[in-house]
Amino acid sequence: MGSNVKIVIPGQVGDFNADVSVVKQPIVYGTTPGEKPSPVRITNPEIVVEVLSKSTRQFDLVEKLTYYKLIPSLQHMLFVDQERPFASV
């Protein structure tokens, strides 16, 4: 899924947009503030990919990663650096 799909963090207010997310079927959709299922909010990603830039690097590697670790279905995080040839899983 692309960056237009939000990832819901369990027990937290708010959600995040990853650059790419991979979900194993069935997709579990999050809800809107009015408690209606939303096809642009998922709760069960298995893989999340973040592309690091100068402006997002610190936020992605510290704050977002801390929240992503709260997702029970998440198996892998992939960080790709756009400034140099580097990737970290």
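With a 1.4 Å probe and every protein chain left in place, work out the accessible area per residue of the chain in Å², rounded to a whole number.
Details: 5580 Å² over 89 residues.
About 63 Å² of surface per residue is accessible.
For the chain, a Gaussian network of Cα nodes joined below 10 Å ranks Phe79, Phe16, Phe59 by mean-square fluctuation, and the top entry is Phe59.
Lysine pairs in the chain 8 or more apart or on different chains: how many have alpha carbons under 16 angstrom apart?
Counting lysine pairs in the chain gives 5.
Separation of the stretch 51-89 from the stretch 1-30 is 14 Å, based on Cα centroids.
Let a ≥ b ≥ c be the square roots of the eigenvalues of the Cα gyration tensor of the stretch 26-70; is it rounded (a/c under 1.5), or, if not, prolate (a/b larger than b/c) or oblate? Prolate, since a/c reaches 1.5 and a/b exceeds b/c. Under the convention that each Lys and Arg Cβ holds +1 and each Asp and Glu Cβ holds -1, the size of the dipole of the chain around its Cα centre is about 80 debye. For Ile9, the residues whose modelled amide H falls within less than 5 Å of its own, excluding neighbours fewer than 5 places apart on the same chain, are Phe16.
The values are calculated or read from the model by the stated rules, or taken from the named source; none is laboratory data. These numbers come from a predicted model, not from an experiment. Counting neighbours? That spans all protein chains shown, and the Cβs are built from the backbone with ideal geometry, glycine included. What goes into the accessible areas is simple: the full protein's heavy atoms, side chains included, and nothing from ligands, DNA or RNA. Shrake-Rupley method; radii C 1.70, N 1.55, O 1.52, S 1.80 Å.
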